[in-house]
Amino acid sequence: MNTNVETFKYDNRIVRAFSIATVVWGIVGMLVGLLAAVQLFFPDANLNFQFITFGRIRPLHTNAVIFAFVGNGMFMGIYYSLQRLCKARMFSDFLSWFNFWGWQLIIVSAALTLPLGYTTSKEYAELEWPIDIAIAVVWVAFSINLFGTIVKRREKHMYVAIWFFIATAITIAVLHIVNSMEMPWSALKSYSMYAGVQDALVQWWYGHNAVAFFLTTPYLGLMYYFLPKAANRPIFSYRLSIIHFWALVFLYIWAGPHHLLYSALPDWAQSLGMVFSLMLIAPSWGGMLNGLLTLRGAWDKVRQDPVLKFMVVAVTAYGMSTLEGPLLSIKTVNSLSHYTDWTVAHVHVGAMGWNGFLTFSMLYYLFPRLYRTNLWSTKLANYHFWIGLLGMMFYAIPIYVAGVTEGLMWKQFTKDGFLQYPNFLETIVQVVPMFKLRAIGGTLYIVGTFLMVYNLYKTAKAGKFEPDTEAQAAPLEKAAVAHGKPGWHRVLEGKPLFFTVLATVSILVGGLVEIIPMFLIQQNVPTISSVKPYTPLEVLGRDIYIREGCLGCHSQMIRPFRSETERYGEYSKAGEFVYDHPFLWGSERKGPDLAREGGKYPDAWHFNHMDDPRSTSPGSIMPRYSWLLTQKMETDTLPSRLNALRKIGVPYPAGFENGPAQKDLQAQAEKVVANLKMGAVKAESDREIIALIAYMQRLGTDIKSAPVTTAAK
């Protein structure tokens, strides 16, 4: 008998808590997504209720699916697997529950603030500054718990899944803190510390790598644990997992600029993003093959076990997404795909296939073990698999068709050299049937999820929850070590601090190389002498534009293609955006680009368009914004807004906000009212619609025939 063996208990309560949260928030996030999808062909589905318009619930959907559904699924899988891989209970039960309740509070805060219009507008980082602070605090608590558990482990060898957990903990902290540098101007609102091109680069350095290190690396770690466990087979190749990990964490961080191809970002940064994106194919497919080849010789079991079915589709979807992503970063392909629904389809294959199906597989794996019973119905789980897979196909295929259709129609010229489809709405009319099919696909996917919820509930009712699982292992210093001389990576796995330092250096290099020159080299962000700060009224209008989520459907970035300059006007330049806190380039076009909107239509057109878009644009899928005609502008907050903007570099005169700004605002508002009267529209000067019109009419008007200088902001 070995007297050195210690008895301890794994904490299953925290795993159960996160698993329930995963299911609940998954349903919520998917239903919000379905409502958003329906509004794209039936805009009145919002019932003219301002808090559930597409612009407001789109970020709610993405945040709910990414941070609530996948986030809770990630914590669920990590808290279960880490304890067993380290042969140790979590470092601190208090930190485990602080992580759980803190994360749920953050999600509830997002669910309340985003529909109310409190948003930074930065994709996947829309939450405002108090919530950003809360995220940082909770993430630090999770990281302390993670590293504390690794330190107290009884297993010297750190299994491959733990490598990915370490990279996730470090990188998400760095990304979140750097991208969330904000200047608050109220208890719930702020402006980005960065402006224009610099803000765009930092945001997509964050945005791309939030996908990489929140939706990908932790789930790869979970794949490396749960797939071999479910198949009862060792991972195919330990060496391949080493290559997969180190190549992935080093290369991924460089790829963010591929979201900004053909934009005002300097070409050297765009090219770096494209090159490193293409290199990502190798490690990504190495990981996919490592997962699928683990199942070699076990395909009979795959056919019978729904857990493995979900895992096979998840890993395959990961491979498809990580091949398509680099292909979309090739400039010639991106010139067709960017701003279209092709990107939307690409993202959802990853979200629904990779993250969704792997989460479902973990839930089916965990519930019988947590409740010490068998899955209530294998048949129902198989129904879920096929309905979910069918839903994914019904979602993705029509949206791929819509994306290619949009890209081709936007670029099409007649034989005489004119745009064949000059009216943007001609494109929308063609793709609306695809939007309807997408809603059907989303409905099927949700139906499958409800089947899972029922199956898991019946499984829990049939069994008895085991709050603590007893286990035994020797302490670390007395744990058995493999015979013979260990390889270099085995030695590294026994030194978690050194391993973490190397991983941190790997993820920092790419970000530093791309971001630092953008802030230090003046020529990267030249200014245009005629570009001036927004007027007080335009500041209010821009903030309303952000509040309503208009950039979710409209871009403000004209690319240097003849098809775009013919349609929208002169291509966009870096110097136009030096006072834009935050940048509003957008990532999708459900409506036309607005970079040169100023002066294109009279003020009365904008008034009527916001009240009822179909009165000015028959066939439009834009929702009504009639509340803007009645809600008063928040002029009392103007001083705090202008003061905050001055602090981050916008050159408003000292004391401007204390009196002159209000007079300037009133004078410009009266001009808008006079213009509306000429268009047979009567309006009051203190309404939000006046500020929004002022902002829209400003767009693009201050760069016409303007010389570019080399002096940076």
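Compute the angle between helix 638-647 and the longest alpha-carbon principal axis of the chain, please, reported from 0 to 90 degrees and rounded to the nearest 10.
Roughly 70 degrees between the two axes.
Magnitude of the Cβ-charge dipole of segment 587-632, K/R +1 and D/E -1, about the Cα centre, nearest 20 debye?
Values: 7 positive and 6 negative charges, 13 e Å.
Computed about the Cα centre, the dipole is about 60 debye.
Å³ per residue of the Cα convex hull, for segment 562-612? Could you put the intermediate results ahead of the total?
Values: hull volume 6.4 nm³, N = 51.
Looking at segment 562-612, the number lands at 125 Å³ per residue.
Roughly how compact is segment 131-181, stated as its Cα Rg over 2.2 N^0.38 Å to two decimals?
Details: Rg = 12.6 Å, N = 51, 2.2 N^0.38 = 9.8 Å.
For segment 131-181, the normalised Cα radius of gyration is 1.28.
Take Leu520, Leu389, Leu370 and order them by how many other Cβ atoms sit within 10 Å, fewest up front. Before the final figure, lay out the partial values.
Working: Leu520 9, Leu389 19, Leu370 22.
Arranged by neighbour count, lowest to highest, Leu520, Leu389, Leu370 become Leu520, Leu389, Leu370.
Two decimals is fine: what's Rg over Rh for the chain, C-alpha atoms, Kirkwood radius as Rh?
On the way: Rg = 26.5 Å, Rh = 26.9 Å.
Rg divided by Rh gives 0.99.
Under a cut-off of 21 Å between alpha-carbon atoms, report the lysines in cross-link reach of Lys156, not counting same-chain residues fewer than 8 places apart.
Straight-distance partners of Lys156: Lys9, Lys87, Lys229, Lys478, Lys485, Lys495.
Starting from the 7 Å offset along Cα-to-Cβ, what nm value, one decimal, do you get for the label separation of Leu508 and Ala298?
Distance between label points: 3.9 nm.
For segment 178-186, what does the Karplus curve 6.51 cos²θ - 1.76 cosθ + 1.60, with θ = phi - 60°, yield as ³J(HN,Hα) per residue in whole Hz, taken in order and with x for Gly and Pro?
These are the phi-based 3J(HN,Hα) values: 5, 6, 9, 6, 9, 10, x, 10, 7 Hz.
Using just the helices of the chain, give the 222 nm mean residue ellipticity in deg cm²/dmol: DSSP H runs with n ≥ 4 each add -39,500 (n - 2.57), and the total is spread over all residues, rounded to 500.
Details: 27 runs with 426 residues, N = 713.
When only DSSP H runs of four or more count, the value is -20000 deg cm²/dmol.
Give the relative contact order (percent, whole number) for the chain; include only Cα pairs under 8 Å separated by 6+ residues. Intermediate results must be reported in sequence, preceding the final value.
Working: 1193 pairs, mean separation 127.1, N = 713.
Reported relative contact order: 18 percent.
Rounded, prolate or oblate, given the Cα gyration tensor of segment 377-485, with a/c below 1.5 counting as rounded?
Working: a/c = 5.12, a/b = 2.05, b/c = 2.49.
Oblate shape, in that a/c is at least 1.5 and b/c is the bigger or equal ratio.
For segment 516-625, what is Rg from Cα atoms divided by 2.2 N^0.38 Å, rounded to two decimals? Present the calculation step by step, with values, prior to reporting the outcome.
Values: Rg = 15.5 Å, N = 110, 2.2 N^0.38 = 13.1 Å.
Rounded to two decimals, the normalised Rg is 1.18.
Quick check: from the Cα gyration tensor, does segment 575-646 come out rounded (a/c under 1.5), prolate or oblate?
oblate
Helix 378-411 against the longest principal axis of the chain: what's the angle in degrees, Cα atoms only, rounded to the nearest 10?
30
Hey, what's the Kirkwood Rh for segment 1-65 if you take every pair of different alpha carbons, in angstrom?
Working: mean 1/r = 0.0681 Å⁻¹.
One decimal place: 14.7 Å for the Kirkwood radius.
Quick check: residue separation of Asn382 and Lys495 times 0.36 nm, minus the Cα distance between them. What number comes out in nm? Please report the intermediate quantities before stating the final value.
Values: separation 113, 0.36 × 113 = 40.68 nm, distance 4.27 nm.
Full-extension gain reported as 36.4 nm.
For a test of the definition: using alpha carbon positions, the gyration tensor, and the 1.5 limit on a/c, classify segment 527-709 as rounded, prolate or oblate. Please list the in-between numbers first.
Working: a/c = 1.66, a/b = 1.04, b/c = 1.59.
Note, shape of segment 527-709 comes out oblate.
Quick one: which residues, 5+ away or cross-chain, put their amide H under 5 Å from the amide H of Ala195? H built at 1.01 Å from N.
Amide H neighbours of Ala195, under 5 Å, 5+ apart: none.
Which whole-Hz ³J(HN,Hα) couplings does segment 34-40 yield from phi under the Karplus relation 6.51 cos²θ - 1.76 cosθ + 1.60, θ = phi - 60°, glycine and proline marked x?
My calculation for segment 34-40 gives 5, 4, 5, 5, 5, 5, 6 Hz in order.
Using a simple charge model, +1 on the beta-carbon of Lys and Arg, -1 on the beta-carbon of Asp and Glu, nothing else, what dipole does segment 527-709 show about its Cα centre, in debye to the nearest 20? Each step should come with its number before you reach the end.
Details: 24 positive and 23 negative charges, 57 e Å.
In total the dipole reaches around 280 debye.
Tell me, which longest segment in the chain has none of the chymotrypsin sites (Phe, Trp or Tyr not before Pro) that fall in DSSP loops with at most 15 further Cβ atoms within 10 Å? Intermediate values should be presented prior to the final figure.
Working: sites that count: Phe49, Phe418, Phe465, Phe561.
Looking at the chain, 50-417 is the longest stretch - no exposed chymotrypsin sites (Phe, Trp or Tyr not before Pro) with at most 15 other Cβ atoms within 10 Å.
Would you please give the FRET efficiency between Phe418 and Leu47, computed as 1/(1 + (r/R0)^6) with r the Cβ-Cβ distance and R0 = 45 Å, to the nearest 0.05? Please report the intermediate quantities before stating the final value.
Working: r = 41 Å, r/R0 = 0.91.
The calculated FRET efficiency here is 0.65.
Report, in whole Å, the centroid distance computed from the Cα atoms of segment 422-474 and segment 176-248.
Between the Cα centres of segment 422-474 and segment 176-248 lies a distance of 22 Å.
Provide the three semi-axes, in whole Å and in decreasing order, of the ellipsoid equivalent to segment 401-544 as defined by the square roots of 5 times the Cα gyration tensor eigenvalues. Working shown, then result.
Values: eigenvalues 550, 268, 86 Å².
Equivalent ellipsoid of segment 401-544: 52, 37, 21 Å, largest first.
Can you tell me the length gained on complete extension of the stretch Val151 to Val432, counting 0.36 nm per residue apart and subtracting the Cα distance? Please list the in-between numbers first.
Working: separation 281, 0.36 × 281 = 101.16 nm, distance 5.49 nm.
Residue separation times 0.36 nm, minus the Cα-Cα distance, leaves 95.7 nm.
So what J values fall out for segment 683-689 if you push phi through Karplus, 6.51 cos²θ - 1.76 cosθ + 1.60 with θ = phi - 60°, rounded to Hz, Gly and Pro as x?
8, 8, 6, 9, 8, 4, 4
Using amide H atoms built 1.01 Å from N in the peptide plane, name the residues 5+ places from Phe413, or on other chains, whose amide H lies under 5 Å from its own.
Hits under the 5 Å cutoff: Gln420.
So who's got an amide H within less than 5 Å of the one on Glu6, skipping anything under 5 residues away but keeping other chains? H placed 1.01 Å off N, in plane.
Those lying under 5 Å, H to H, from Glu6 are Ala473, Ala474.
Using the Cα centre of the chain as the reference point, and only Cβ charges (+1 on K/R, -1 on D/E), how large is the resulting charge dipole? Debye, rounded to the nearest 20.
Details: 61 positive and 48 negative charges, 449 e Å.
So the dipole magnitude of the chain works out to roughly 2160 debye.
Every number in this text was worked out from the coordinates using simple rules, so none of it is lab data. Please read all numbers here as calculations on a predicted model, not as lab measurements. Glycine gets a Cβ as well: all are built from the backbone with ideal geometry, and neighbour counts include every protein chain shown.
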